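Structure incoming, see below.
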Amino acid sequence: MMYFFLLLCVLLVPSIQQENEETNTFTECTDGYEWDSERQHCKDINECLTIPDACKGEMKCINHYGGYLCLPRSASVISDTNTDHETAGAPNTGLGIDQRNNQCPNGYQLDSQGLGTCIDVNECDYELDDCLPSQECVNIPGGFHCKCPDGYRKIGNECVDIDECRYRYCQHRCVNSPGSFTCQCEPGFQLASNNRSCVDANECNMGAPCQQRCYNTYGTFLCRCNQGYELNNDGYTCNDIDECSYSSYLCQYQCVNEPGRFSCICPDGYQLLGTRLCQDINECETGTDTCTDQQNCINAHGGYRCVEKNLCIEPYMQMSDNRCMCPSSNPLCRDEPGSIVHRHMSITSDRSVPSDIFQIQATSMYPGAYNTFQIRSGNEQGDFYIRQINNISAMLVLARPVKGPQEYVLDLEMLTSNTLLSYRSSSVLRLTIFVGAHPF
């Protein structure tokens, strides 16, 4: 950078005086000066202060004795303070301030009150500095210095950006910028209030993409699913678990998958017991049957049957709701069992075998009588057999698994004989078996 130096010397500029011997006063000053009536002499006019826009463009105004100069802003002014010349117009520092007898050091000027005190010259106010446009002029006693903006340091006459990132001001990452810097945090963290350190970010409170549940962890987060769901491979969404596909034993009858859960249902005639078992509904007790007054309601697995109250067929006579007698006086009863007792029962499908299902018990016992038990009819497929327990009782046994829904009518006969009395008789228990459609 080129500097222009102007040597301003204290010149002896005679003032034109017209002294009146009677008044002893000055009457006129030359151009560039004006009369100071208080001090009785001519003083320099500071055109830089009195003439608006004395210098145009980028030029700066420099006052001198009797006039002024327009110089580039980079020009430096050196005053010759060693001169001892004095004029009536009063020597000037170039700032429009009289020096007169007392000379001040560079950067100072005599006070305007004529007290002879040297006061600091604010070069920044008078634009006598050579600071660059990007710099700030700071006045100091006897001079000035050019200050760089924050984030810059001065190298020579230039302001150079300070790379703050070299000093590790940031906890994670630093991004330098002209005159400044910014701190950035790694994913999962955010800037603290000091804008330098990083603290954990709670992504769960900041819109984390978890579909169901979010758990914040240090520097990251985890997505979790509610019961009945499983986390997808993307780590965010949740897919329903089809529990019914994992096991066939979840429900006794049928499993129904639902979002996030499953439920068990039962077939008609059953109700859910707990969460997975099915229990038969006794329609005869709940009053939901449709049997008439001439019928008896018989409950069965998964339903019910309406059975006529009078089941006796000629030549049998009804003795009670379920007992029919064939009178011995009636010739038609000679080859028929003396009595028929009607019973009904229900069993489940696919019952394990062999299985005791019904016990036959003699209601009366005569001395010397011997009883035997057999299946008189209804067992053509051999699904049942009789196991005699003792002289007065026997057990009906299911020999093979049977599937429902179906119905068996078995005539279980008890033969009674007495060899001493040559007595022989029989009675029948007519057992109707309802096989349910399900194994429960």
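For the chain, modelled as a Gaussian network with Cα springs under 10 Å, which listed residue fluctuates most, K56, K154, K403?
K56
While we're looking at this one, here's another question. Cβ under 14 Å from C324's Cβ, C324 left aside: what net charge do those residues give with Lys, Arg +1 and Asp, Glu -1?
-1
Pick from P367, P354, P401: which is most flexible by mean-square fluctuation in a GNM of the chain where alpha carbon atoms under 10 Å apart are linked?
Maximum among the listed residues: P367.
Still on this model: Pick from S339, S349, S329 the residue whose mean-square fluctuation is largest in a GNM of the chain, springs joining Cα atoms under 10 Å.
S329
Could you work out the per residue convex hull volume over the alpha carbons of segment 296-440, in cubic angstrom?
Dividing the Cα hull volume of segment 296-440 by its residues yields 116 Å³.
What is the distance, in nm, between label points placed 7 Å from the Cα along the Cα-to-Cβ direction at Y236 and at S248?
4.1
Additional query: To the nearest 10 square angstrom, how much accessible area does C291 have with a 1.4 angstrom probe?
Approximately 30 Å² for this residue.
OK, next. Ordering T348, T290 from largest to smallest accessible area (1.4 angstrom probe), what's the sequence?
Ranking T348, T290 by accessible area, largest first, yields T290, T348.
How much of the accessible area of the chain, in percent, comes from carbon and sulfur atoms when a 1.4 Å probe is used?
Summing carbon and sulfur atoms, their accessible area is 49 percent of the total for the chain.
Hey, another quick one. Considering the options V353, G378, M365, tell which one lies farthest towards the positive end of the dipole of segment 338-395, charges being +1 on Lys and Arg and -1 on Asp and Glu at the Cβ, about the Cα centre.
Comparing the listed Cα positions along the dipole, M365 ranks first.
Out of all DSSP beta bridges in the chain, what portion is antiparallel? Express it as a percent rounded to 5.
On the way: 91 of 104 bridges.
Bridges in the chain that DSSP calls antiparallel: roughly 90 percent.
Can you give the longest run of the chain that contains no GluC sites (Glu not before Pro) sitting in a DSSP loop with at most 11 other Cβ atoms inside 10 Å?
Details: sites that count: E19, E21, E22, E28, E38, E58, E380.
Free of exposed loop sites, the longest segment is 59-379.
Can you give me the distance in nm between label points at S355 and T419, each placed 7 Å from the Cα along the Cα-to-Cβ direction?
4.0
Can you give me the Kirkwood hydrodynamic radius for the chain, using every pair of distinct Cα atoms, in Å to one decimal? Could the numbers behind the result be given before it?
Values: mean 1/r = 0.0280 Å⁻¹.
Hydrodynamic radius (Kirkwood, Cα pairs) of the chain is 35.8 Å.
So what is the accessible area of the chain per residue, in Å², with the probe set to 1.4 Å?
Per-residue accessible area for the chain comes out at 61 Å².
In the chain, if the dipole is taken from +1 on Lys/Arg beta carbons and -1 on Asp/Glu beta carbons about the Cα centre, which of C131, H344, C324 is farthest to the positive end?
C324
Return the whole-Å distance between the Cα centroid of segment 196-254 and the Cα centroid of segment 360-386.
67
Here is a further query. For the chain, what does the helix formula give at 222 nm: sum of -39500 (n - 2.57) over DSSP H segments with n ≥ 4, over the residue count, nearest 500 deg cm²/dmol?
It lands at -500 deg cm²/dmol.
May I pose another question? Go ahead and run the numbers for FRET between N122 and R73, Cβ-Cβ distance against an R0 of 22 Å, rounding to 0.05.
After rounding to 0.05, the efficiency reads 0.85.
In addition: For E158, what is the net charge nearby, where nearby means another residue's Cβ is under 15 Å from its Cβ and Lys, Arg count +1, Asp, Glu -1?
So the surrounding residues net to 0.
I would also like to ask the following. Enter the accessible area of L132 (Å², nearest 10), with the probe set to 1.4 Å and all protein chains included.
40
I need the Kirkwood Rh of segment 394-440: take the reciprocal of the average 1/r across all distinct C-alpha pairs and report it in angstrom.
Result for segment 394-440, one decimal place: 13.3 Å.
Hey, rough spin-label estimate for K154 and L222, points 7 angstrom out along Cα→Cβ, what's it come to in nanometres?
Distance between the two pseudo-spin positions: 5.9 nm.
Separate question: Kindly sort S328, S425, S355 by accessible area of their heavy atoms, largest first, with the probe set to 1.4 Å.
These residues rank, largest area first, as S328, S425, S355.
Could you state how much accessible area T286 has, in square angstrom rounded to the nearest 10, with a 1.4 Å probe and all protein chains kept in place?
Solvent-accessible area, nearest 10 Å²: 80 Å².
Shifting gears a bit: Could you work out the mean projected area of the convex hull around the alpha carbons of segment 144-299, in square nanometres to one decimal?
Result: 17.2 nm².
The values are calculated or read from the model by the stated rules, or taken from the named source; none is laboratory data. These numbers come from a predicted model, not from an experiment. Here Cβ is always computed from backbone atoms with ideal geometry, including for glycine, and neighbour counts include all displayed protein chains. Surface accessibility is based on the protein's heavy atoms, side chains included, excluding ligands, DNA and RNA. Shrake-Rupley method; radii C 1.70, N 1.55, O 1.52, S 1.80 Å.
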